[in-house]
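Student: First, the structure itself, so that you have it in front of you.
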């Protein structure tokens, strides 16, 4: 086992879309007494300390690879959290002691997020209990993980505005209704269907396929894909945005 | 003196605009031999270790306040750098030893940037020698500071596209030519003056003042200000951008 760096951790906010909600992957944390009685149970983000010889990007990729089996998953470093009192809650201190960490040791954590489609990924959580929870109903998380999640979500919205990263949430082939619903869920707004389709028609990198949905009860809809190649070739100058 | 945290530093990329170039503030670093002969001299960004009881935002603000005398300066945390070999260059190791730091001690640094108008700020550099250098001609910097600067500049361009932060580079009252030049310098592109003015005319938060330039040789131009209040009231929905 490589040596662990006691001062630096990474926390991965793994956003997962299931065609209905924007979810975040949470890990159950349980503290038992010496007799084995339950003291408390709650949830954390997926995170860990980094190894001494490891870069933080590598550490985040390692954690994601362990979970999903995939390498090269989209991963964005968004913020670092280092408040000197971030491990001060008594529950967190108890739990840290139980796993052999000194709660008085200062730990700063680097936040990353990743975007997955819940239906397309098989999770390998080992002996941890993990669950997808819609981001708007996660309760009190351990440590400063509510703050980390909030900041990740804020940054996600910015980055989705700036570039075509939301496609990470969808399967390779998707319908325009699925795309509209995804944006509605991320931004918590409603679009008028006709306006949305008009906007989409202008995006040359949204390519209609010679293929329709299969196995649906309603009239099967046209399938589309996102072409990164077309996007790169047709993207507009920076001045589409603001002055 | 509060205790210093040996593992965590902040580096501030201080961008300064002088109506001509986008500059970065560099600090001269000099290593002398025991006899007092010059071994080398080069430049670093402005940075320092944080104190044990201090948050990273606080540390960055402290460093900026020491430099400018101002509190509440615009400051953006943009990325954390933690490569295990980031202090491996022999010059950096020599220099760290000379100031009493162990170069084998792993240090991760959190990058912040700030935007100033060079003409409007008085620098209090203490016994350090500092200088403004145009970002496109900085040479080899110490440590991984070229990487930190490159990443800061990249993030700056994104954030300037997303919101009205570039005004931090200008005095409160400015001309449209000054504004155009600023954007041209940041993005290293040229705008057609008429198109730029047409775009500006649509920005209600760019408010023409009852005032013209003074003390210029040419015909004095109309002065404008940026109104954050108007910006907040008139900003468009997120869907102006991309799908």
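The values are calculated or read from the model by the stated rules, or taken from the named source; none is laboratory data. Note that the structure is a prediction, hence the values are computed from the model and not measured. Note that we place each Cβ from the backbone using ideal geometry, even for glycine, and neighbour counts take in every protein chain shown.
Student: Is one or more of the residues making up the stretch A:130-141 in a helix (DSSP H, G or I), touching a helix residue (DSSP H, G or I) at 6+ places or on another chain (Cβ under 7 Å), in the same structural domain as residue A:65 (by TED's automatic domain parsing) and within 21 Å of residue B:162 (Cα to Cα)? Lay out the reasoning, then the answer.
Tutor: Quick first cut of the stretch A:130-141, residues in a helix (DSSP H, G or I) only: A:135-137.
Subsequent filtering for residues that are touching a helix residue (DSSP H, G or I) at 6+ places or on another chain (Cβ under 7 Å) retains A:135.
If we keep only those that are in the same structural domain as residue A:65 (by TED's automatic domain parsing) too, we end up with A:135.
With the extra rule that they be within 21 Å of residue B:162 (Cα to Cα), the set shrinks to none.
Within the stretch A:130-141, not a single residue is in a helix (DSSP H, G or I), touching a helix residue (DSSP H, G or I) at 6+ places or on another chain (Cβ under 7 Å), in the same structural domain as residue A:65 (by TED's automatic domain parsing) and within 21 Å of residue B:162 (Cα to Cα).
Student: Here is a follow-up. Going by the conditions given, is residue A:119 outside any loop (DSSP other than H, G, I, E, B), assigned by TED's automatic domain parsing to the domain that holds residue A:60 and farther than 22 Å from residue B:159 by Cβ? First the steps, then the outcome.
Tutor: Details: outside any loop (DSSP other than H, G, I, E, B): yes; assigned by TED's automatic domain parsing to the domain that holds residue A:60: yes; farther than 22 Å from residue B:159 by Cβ: yes.
Yes.
Student: Tally the residues that are touching a strand residue (DSSP E or B) at 6+ places or on another chain (Cβ under 6 Å), closer than 23 Å to residue A:158 by Cα and touching a residue at least 40 places away in the same chain (Cβ under 8 Å), restricting the search to the stretch A:206-236.
Tutor: The qualifying residues number 1.
Student: Related question: Can you find a residue in the stretch A:32-44 that is surrounded by fewer than 16 Cβ atoms within 10 Å (Cβ to Cβ), in contact with a helix residue (DSSP H, G or I) (Cβ under 7 Å, 6 or more places away or on another chain) and part of a loop (DSSP other than H, G, I, E, B)?
Tutor: No; the residues of the stretch A:32-44 include none that is surrounded by fewer than 16 Cβ atoms within 10 Å (Cβ to Cβ), in contact with a helix residue (DSSP H, G or I) (Cβ under 7 Å, 6 or more places away or on another chain) and part of a loop (DSSP other than H, G, I, E, B).
Student: Looking at the stretch B:124-162 only, could you name the residues that are within 12 Å of chain A (Cβ to nearest Cβ), at pLDDT below 95 and within 17 Å of residue B:27 (Cα to Cα)?
Tutor: none
Student: Then there's this: Could you list, in sequence order, the residues of the stretch A:52-72 that are outside any helix (DSSP H, G or I) and closer than 20 Å to residue A:26 by Cα?
Tutor: Step one: of the stretch A:52-72, the residues outside any helix (DSSP H, G or I) are A:52-55, A:69-72.
Of everything in the stretch A:52-72, those that are outside any helix (DSSP H, G or I) and closer than 20 Å to residue A:26 by Cα turn out to be A:69, A:70.
Student: If I ask for residues that are within 11 Å of chain B (Cβ to nearest Cβ) and out of contact with any helix residue (DSSP H, G or I) (no Cβ under 6 Å at 6 or more places or on another chain), which ones from the stretch A:163-175 would you list?
Tutor: Step one: of the stretch A:163-175, the residues within 11 Å of chain B (Cβ to nearest Cβ) are A:163-167.
Within the stretch A:163-175, A:163, A:167 meet the criteria.
Student: While we're looking at this one, here's another question. Report yes if some residue within the stretch B:54-62 is touching a strand residue (DSSP E or B) at 6+ places or on another chain (Cβ under 9 Å), more than 23 Å from residue A:144 (Cα to Cα) and surrounded by 17 or more Cβ atoms within 10 Å (Cβ to Cβ); otherwise report no.
Tutor: no
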